[in-house]
Amino acid sequence: MKAWIAGLALALGIAGSAQAAPVDTGHVKIDLVAASTAAPGKTVQIALRQQIAPGWHTYWRNPGSAGQATEIAWTLPAGYKAGDIVWPAPRQLPLGPLMNYGFENGVLLTTPVAAPASARPGSTIQVSALVRML
């Protein structure tokens, strides 16, 4: 198994949503998408989208007998705060006598990001993420 580390960036308008350019690992294509509009003092949902090639998978927060959960290290402007990943329900991924848990085909790993009340409407912020996945 090979762990991938990828950096992604997203320019997010306070008055609109945005999407980042994808990173392709060869088996998983990842990008960031804003799932809602950002607003001063509100929370925006930013998702790490994993498009997973047939025959491959990524892991859930509790990967099971083997594997490693996807990790996201956020770089946000001052005053912005990222919460924890909101994990969707996984699939069972049996491998011989081992039971793993994760995702096939694709998944959105959503993280709530709180904007400060001082955020300026109409402005654009840079959001980036360092993603580690197996």
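The values are calculated or read from the model by the stated rules, or taken from the named source; none is laboratory data. Values in this document were obtained by computation on a predicted structure and should not be read as measured data. Positions of Cβ are generated from backbone atoms using ideal geometry, with glycine treated the same way; all protein chains shown enter the neighbour counts. Calculation scope for accessible area: heavy atoms of the full protein, side chains included, ligands and nucleic acids excluded. Shrake-Rupley method; radii C 1.70, N 1.55, O 1.52, S 1.80 Å.
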Going through the range 66-95 in order, the residues found to be over 16 Å from Leu109 (Cα atoms) and open to solvent by less than 70 Å² (accessible area, probe 1.4 Å) are Ala66, Gly67, Leu76, Pro77, Gly79, Tyr80, Leu93
Here the qualifying pairs (Cβ atoms under 9 Å; residues six or more apart or on different chains; first in the range 121-134 and under 18 Å from Thr43 (Cβ atoms); second in a strand (DSSP E or B) and of a type in the set (Phe, Trp, Tyr)) come out as Val127/Trp74; Ala129/Trp74
Qualifying residue in the range 111-129 (condition: closer than 16 Å to Val28 by Cβ and either among the charged types (D, E, K, R) or part of a loop (DSSP other than H, G, I, E, B) (or both)):
no
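Restricted to the range 14-29, and to residues that are on the phi < 0 side of the Ramachandran plot and either open to solvent by less than 60 Å² (accessible area, probe 1.4 Å) or in contact with a His (Cβ under 9 Å, 6 or more places away or on another chain) (or both), which residue is modelled with the lowest pLDDT?
Residues of the range 14-29 that are on the phi < 0 side of the Ramachandran plot, as a first pass: 14-25, 27-29.
Now restrict to residues that are either open to solvent by less than 60 Å² (accessible area, probe 1.4 Å) or in contact with a His (Cβ under 9 Å, 6 or more places away or on another chain) (or both): 14, 16, 18, 20, 23, 25, 28.
Numbers: Ile14: 50, Gly16: 47, Ala18: 57, Ala20: 66, Val23: 88, Thr25: 89, Val28: 94.
The residue in question is Gly16.
Looking at the range 73-127, which of its residues are of a type in the set (S, T, N, Q) and on the phi < 0 side of the Ramachandran plot? So that I can check it myself, show each step before the final result.
If we filter the range 73-127 for residues that are of a type in the set (S, T, N, Q), which is where we start, we get 75, 92, 100, 105, 110-111, 118, 123-124, 126.
Of everything in the range 73-127, those that are of a type in the set (S, T, N, Q) and on the phi < 0 side of the Ramachandran plot turn out to be Thr75, Gln92, Asn100, Thr110, Thr111, Ser118, Ser123, Thr124, Gln126.
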Tally, over the range 30-71, of residues that are among the β-branched types (Val, Ile, Thr), at pLDDT 90 or above and assigned to a loop (DSSP other than H, G, I, E, B):
1
